[in-house]
Amino acid sequence: MNTVAEHPVWGVYDEYKAARFNVRYYERQLDKLRRRNLLIELALALSASSVFAGLWFWETAVGGIIWKVLATLAAFLAVYKPIVRLSDQVQQKSEILTNWRLLDDGLQQLVLSISQYRKYDDEMRNSFFTLMKTRTTIIQKEPTEGVDDRLRNKCFEQVNKELPPDNFFVPEE
């Protein structure tokens, strides 16, 4: 007989927390990419704007230096943007985030069912195994480089606060 700590339902809860972690992680990564893309677009738009370029401030000595710096930065960003392909990165992270959200939702529904029906039966196990196949598909699409450990730790803390172990029901068998 399993003890409460060894009950197989903890696999569901662990995967639920992992899915929620990935949702939080990719939300923050996507926000960061979108902000970076917006700043680059703004810098390029301002540097190309004749109204902005014609401001009286740029005719002063300090303004002239600042304008040259901005023009240099814009030239750098014009080359940088297509190389790093931020739009592609945003698209990829958006798709991954959407998939993690769907998995998170499926696991949340399963967790609620376990709590509401006060059991973890074969039908629920089958649902869990189906969700794990989805998880495998998502993981295969994830990029393998560039893990942000600091962000990762923040997201783990956030999820552990959101979903503490005592929130979960463990059925008796």
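Conditions (1) surrounded by 13 or more Cβ atoms within 10 Å (Cβ to Cβ); (2) modelled with pLDDT of 80 or more; (3) farther than 30 Å from Phe128 by Cα, marked per residue:
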position	(1), (2), (3)
Val4	no, no, no
Asn22	yes, yes, no
Tyr26	yes, yes, no
Lys32	yes, yes, yes
Glu41	yes, yes, yes
Leu77	yes, yes, yes
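Any idea which of (1) surrounded by 10 or more Cβ atoms within 10 Å (Cβ to Cβ); (2) in a helix (DSSP H, G or I) is the one Pro143 doesn't satisfy?
Here Pro143 clears every test but (2).
Among the residues of the range 152-173, count how many are in a helix (DSSP H, G or I), hydrophobic (A, V, I, L, M, F, W, C) and more than 17 Å from Ile96 (Cα to Cα).
Summing the residues that are in a helix (DSSP H, G or I), hydrophobic (A, V, I, L, M, F, W, C) and more than 17 Å from Ile96 (Cα to Cα) in the range 152-173 gives 2.
The values are calculated or read from the model by the stated rules, or taken from the named source; none is laboratory data. Remember, predicted model here, so these are calculated numbers, not experimental data. Positions of Cβ are backbone-derived with ideal geometry, glycine not excepted, and every protein chain shown enters the neighbour counts.
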